[in-house]
Amino acid sequence: MPGILIVGELNDGAPSPVTGQLIAAARKAYPDVTVAVAFLGDDLSFGDAALGALPVDDVYLLEHPRLADGDAGVFDAPVAALAALCREIDPETVLIGRTDFGAAVGPRLAFRLGAAVAQDCVDLAVNPETGRLAVTRPVYGGGAMAVFEFGGASTQVVLVRPGAFESSVTDGGSARVQKFDTESVISEPRARLVDSVSEPRAGVRLEDAEVVVSGGRGLGGPEPFQQLEELASLLSGAVGASRAACDAGWMDHSFQVGLTGKSISPRLYITVGISGASQHMAGCSSARNIVAINKDGEANIFKEARYGVVGDWQKILPAFIATVRDL
Amino acid sequence: MRIAVCVKQVPDPETPPSQFKIDEAALAVVSPPGVPPVVNGFDLNAVEAALRVRETLAGQEVEITVLSVGTGFVMDVMKRPLSMGADRLVLVDDPSLAALDAVATVKVLAAAIRHTGPFDIVMCGRQASDWDQATVPLGLAEALDLPCVTLARSVQVQDSSVTVERVIVDGHQVIEAQLPALITFSNELGEPRYPNLRGIMAASRKTPETLTLEDLEITASDLEPALKLTRLFVPESGQECEFIEGEDDADAGRRLAVRLREAKLI
Ligand SMILES: Cc1cc2nc3c(=O)[nH]c(=O)nc-3n(C[C@H](O)[C@H](O)[C@H](O)COP(=O)(O)OP(=O)(O)OC[C@H]3O[C@@H](n4cnc5c(N)ncnc54)[C@H](O)[C@@H]3O)c2cc1C
Ligand SMILES: Nc1ncnc2c1ncn2[C@@H]1O[C@H](COP(=O)(O)O)[C@@H](O)[C@H]1O
């Protein structure tokens, strides 16, 4: 049985957390099937020992200068290389994390193989009656959940939402590590990276923060975000924003929390002047305690919040911040 | 220069969660009465991008063709790209196109693009706000064998290439792609323009061109879903909110801090 192929990703030479989550997802849906992981990079010669300890059956190393960093934002080479590997080993299911890399590569790989594809899945299970793979995914901006079943006729490509599974990676596996030659399948590039600009921010990263304080359209302008900054720094947290606040130009889009922004999972998430649209909530569904300050008692955010204050943030927030400082 | 922009008609995604209803038996979303559908927001960003390209290439002829696959089109809604300034609207309209999966959508859309093309650039939204797949454009790039740049926030056209700023976590990449190419757009591009009166008048005089599945040589078997929807439901949050009240708003703010401290959250 050809089994499962996981498209792994590396962080500083080690399997990324998402790779571990994909292994957990594969084991959950298919307890008895062989699992292989493919890693892509320029030079993976360090990999035999480090990657061979993964708790899987096979590890494939795909090396080529253009397989580093997702072909520098172009993604043509990884698609070609992975398609060649799939044609060779013919997996039943390919699992890819819906990271920047996976979101660009996964669907293209599926179409190149003539495979079926499901995006952004948070659960997978094999239907015991049909033997077919069923996936659960949020749709309508997180307003609904949908279950889809694959027809089973072709390879199936499943993109898995990062964070949806708990990594179960333990060392001490003994995978067969082998190289897979990709030289002949990588064609001339039709696009190239000209520049890469990163605007890293001082302080705690939004994605990693234990406390996040976000503001929305209800703040009315950019200035009130200074108060949120102040609160965030008192709580050693980070500031976020709704898309409405980013689209208005009050905050850079890199602060956006939500379906098409960042996914956060803080212990405490304080929202100010945010209505709680499903697309916003999609980015904070794993926040453990949501606090809402909103003048509209009917706002959806109160359906998701643990603590709420109904009223004007302009009065509530200064008193809240002052008390936090004094406590 | 010829630009195709692919747009999808979707239920209004800003429908408040309290009014968002699902017919679980029919496996479909029921729009609240009187709320019209909209053109998918990111697709309007793509229309805006195409219009900006035309403006920066002043002196060169740029034709913008908007394409959509579906059924039950509301013309006032679908004409919005025309009233923004697009030249043509091509609809593939058939009852069998109501609930296609990504694979089938790509088949029909790619055929429509071949039929109306050739195009120098195919523009799409990053994802459609109904099924949030973010898949169709990537499939189109494969079907049409085009280089593909996703998540654009700006685009500049040179003689035989485009330069795209692509949004990544905490920054952006600048990618240059050969033409023809496919690009998907995100809201970071900026708000789509509001149609002005002249645009609305011009759009009202235009008739959408329609293509049938026969024109595209697509048969029912091409539309068989590879993925079958078996369940659709609204997840319950189950969260009970504890409302903190005070003598006035400021007092409630103070009490909130005290309560969070008691709960050891701060
Ligand atoms: C495909 C798609 C993807 C999207 N992705 C995202 C995403 O990633 N992230 C995201 O955030 N959104 C996203 N959105 C947008 C989302 O649908 C909402 O439009 C957006 O989240 C609304 O932002 P908001 O809550 O700040 O604004 P609003 O919905 O306008 O809410 C403002 C709130 O402020 C309150 N308020 C006003 N004045 C005061 C005051 N003085 N004191 C207290 N409260 C006050 C109001 O009662 C109201 O509830 C997406 C939409 C689509 C269609
Ligand atoms: N039925 C359709 N007709 C025209 N364009 C579409 C259609 N479905 C998807 N698209 C395009 O593909 C993008 C992504 O859609 P999706 O993959 O469904 O999230 C949309 O933003 C549109 O630009």
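Computed from the coordinates by the stated procedures, all read-outs in this text should not be read as laboratory data. Bear in mind that the values here come from a model prediction, so they are computed numbers and not experimental data. Neighbour counts are summed over all protein chains in view; Cβ atoms, including those assigned to glycine, are modelled from backbone coordinates with ideal geometry.
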Of all residues being hydrophobic (A, V, I, L, M, F, W, C) and part of a loop (DSSP other than H, G, I, E, B) in the stretch A:289-316, which is nearest to ligand 1 (Cβ to nearest atom)? Just the residue, please.
A:ALA299
I'm trying to understand the selection: among the residues of the stretch A:211-224, which are more than 14 Å from every other protein chain (Cβ to nearest Cβ) and more than 12 Å from ligand 1 (Cβ to nearest atom)?
A:PRO222, A:GLU223
Of all residues in the stretch B:86-131, which are among the β-branched types (Val, Ile, Thr) and more than 7 Å from ligand 2 (Cβ to nearest atom)?
B:VAL90, B:VAL92, B:VAL103, B:VAL106, B:VAL108, B:ILE113, B:THR116, B:ILE121, B:VAL122
When the stretch A:257-282 is checked residue by residue, the ones that are part of a loop (DSSP other than H, G, I, E, B) and either within 20 Å of A:GLY143 (Cβ to Cβ) or within 16 Å of ligand 2 (Cβ to nearest atom) (or both) are A:GLY258, A:LEU259, A:THR260, A:GLY261, A:SER263, A:ILE264, A:ILE274, A:SER275, A:GLY276, A:ALA277, A:ALA282
Looking at (1) touching a Lys or Arg at 6+ places or on another chain (Cβ under 9 Å); (2) over 20 Å from A:GLY163 (Cβ atoms); (3) of a type in the set (Phe, Trp, Tyr), can you tell me which one A:PHE255 breaks?
(2)
Check the stretch B:125-138 and report whether any residue there is touching a helix residue (DSSP H, G or I) at 6+ places or on another chain (Cβ under 6 Å), touching a residue at least 60 places away in the same chain (Cβ under 8 Å), crowded, with 24+ Cβ neighbours inside 10 Å and β-branched (Val, Ile, Thr).
yes
Here is a check on your reading of the model: is A:GLY142 crowded, with 19+ Cβ neighbours inside 10 Å and more than 17 Å from B:ALA226 (Cβ to Cβ)?
yes
Filter the stretch B:8-49 for residues that are on the phi > 0 side of the Ramachandran plot and surrounded by 13 or more Cβ atoms within 10 Å (Cβ to Cβ) and give the result.
B:LEU27
Out of A:LEU327, A:LEU317, which single residue is on the phi < 0 side of the Ramachandran plot and surrounded by fewer than 22 Cβ atoms within 10 Å (Cβ to Cβ)?
A:LEU327
Looking only at the stretch B:113-133, how many residues end up being within 16 Å of ligand 1 (Cβ to nearest atom) and on the phi < 0 side of the Ramachandran plot?
9
Which condition number in (1) touching a strand residue (DSSP E or B) at 6+ places or on another chain (Cβ under 7 Å); (2) at the interface with another protein chain (Cβ under 8 Å from one of its Cβ atoms); (3) over 21 Å from B:ALA250 (Cα atoms) is the one that A:LEU317 fails?
(3)
Could you figure out which of (1) hydroxyl-bearing (Ser, Thr, Tyr); (2) surrounded by fewer than 17 Cβ atoms within 10 Å (Cβ to Cβ); (3) under 30 Å from A:LEU95 (Cβ atoms) isn't true of A:SER236?
(3)
Of all strands (runs of 3 or more DSSP E) completely enclosed by the stretch A:1-120, which ones contain at least 2 residues that are within 14 Å of chain B (Cβ to nearest Cβ)?
A:93-97
Based on this model, can you work out whether B:ALA110 counts as away from chain A (no Cβ under 14 Å) and either of a type in the set (Lys, Arg) or on the phi < 0 side of the Ramachandran plot (or both)?
no
Among the strands (runs of 3 or more DSSP E) contained in the stretch B:120-220, which hold 1 or more residues that are more than 23 Å from B:SER83 (Cβ to Cβ) and not acidic (Asp, Glu)?
B:148-157, B:161-168, B:171-178, B:181-185
Restricting attention to the stretch B:205-218, does a residue exist that is within 13 Å of chain A (Cβ to nearest Cβ), basic (Lys, Arg) and loosely packed, with under 13 Cβ neighbours inside 10 Å?
no
Can you go through A:SER286, A:SER254 and tell me which one is in a helix (DSSP H, G or I) and within 20 Å of the chain's Cα centre (by Cα)?
A:SER254
Give me the strands (runs of 3 or more DSSP E) completely within the stretch B:1-102, filtered to those with at least 3 residues that are more than 16 Å from ligand 1 (Cβ to nearest atom) and among the β-branched types (Val, Ile, Thr), ordered by residue number.
B:63-70
